[in-house]
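The structure appears right after this line, and notes come after that.
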Amino acid sequence: MKKTEFVKNVGISSASVAKLGKDANITTGVLVKICEYLKCDITDIVEVVPDESSEEENLNGR
């Protein structure tokens with residue numbers, strides 16, 4: 001499926017798809033629409049990756 005078809009079928013903007021391609025932040029509303037279209041759970045498309053600077057702060061007791 002082409003990106004333009006995906007945008008139209010899911011009901012999201014092309015800017016949101018561009019953000020996905022750049023690993024940029026998107027809204028949970030966009031993620032919900034994608035899940036509804038794909039008939040999947042949000043845990044199927046989302047992975048939480050800890051920020052390295054936050055990990056270092058936690059290790060150093062900050």
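The values are calculated or read from the model by the stated rules, or taken from the named source; none is laboratory data. Just so we're clear, the structure is a prediction, and the values are computed from it rather than from any experiment. Here the Cβ positions follow ideal geometry from the backbone for every residue, glycine too, while neighbour counts run over all protein chains shown. For accessibility, only protein heavy atoms count, side chains too; no ligands or nucleic acids. Shrake-Rupley method; radii C 1.70, N 1.55, O 1.52, S 1.80 Å.
Tell me, what is the FRET efficiency for Ser53 and Lys33 to the nearest 0.05, using R0 = 22 angstrom and their Cβ-Cβ distance as r? Write down the numbers at each step before the final one.
Values: r = 31 Å, r/R0 = 1.41.
Efficiency for this residue pair is about 0.10.
Can you match volume of the Cα convex hull per residue in Å³ to one of these, (i) 113; (ii) 101; (iii) 70, based on a calculation from the structure here?
(ii)
What is the sum of charges around Thr28, taking Lys and Arg as +1, Asp and Glu as -1, for the other residues whose C-beta is under 14 Å from the C-beta of Thr28? If you can, show how the numbers build up before the last one.
Values: positive: Lys19, Lys33; negative: Glu36, Asp41.
The answer is 0.
With only Lys, Arg, Asp and Glu charged, each at its Cβ (+1 for the first two, -1 for the last two), find how big the charge dipole of the chain is about the Cα centre; round to the nearest 20 debye. Write out the running numbers ahead of the final one.
Details: 8 positive and 11 negative charges, 128 e Å.
I would put it at about 620 debye.
Tell me, what HN-Hα J-couplings in whole Hz come from the Karplus equation 6.51 cos²θ - 1.76 cosθ + 1.60 at θ = phi - 60° for each residue of the range 5-17, using x for Gly and Pro?
Karplus values, whole Hz, x for Gly and Pro: 5, 4, 4, 5, 5, 7, x, 10, 8, 5, 5, 5, 5.
Amide H neighbours of Ile12 under 5 Å, counting only residues 5+ apart in sequence or on other chains, H built in-plane at 1.01 Å?
HN-HN under 5 Å from Ile12: empty list.
Ignoring ligands, DNA and RNA, how do Glu47, Glu5 rank by accessible area with a 1.4 Å probe, largest first? Intermediate results must be reported in sequence, preceding the final value.
Working: Glu47 150, Glu5 90 Å².
Listed by decreasing accessible area, they come as Glu47, Glu5.
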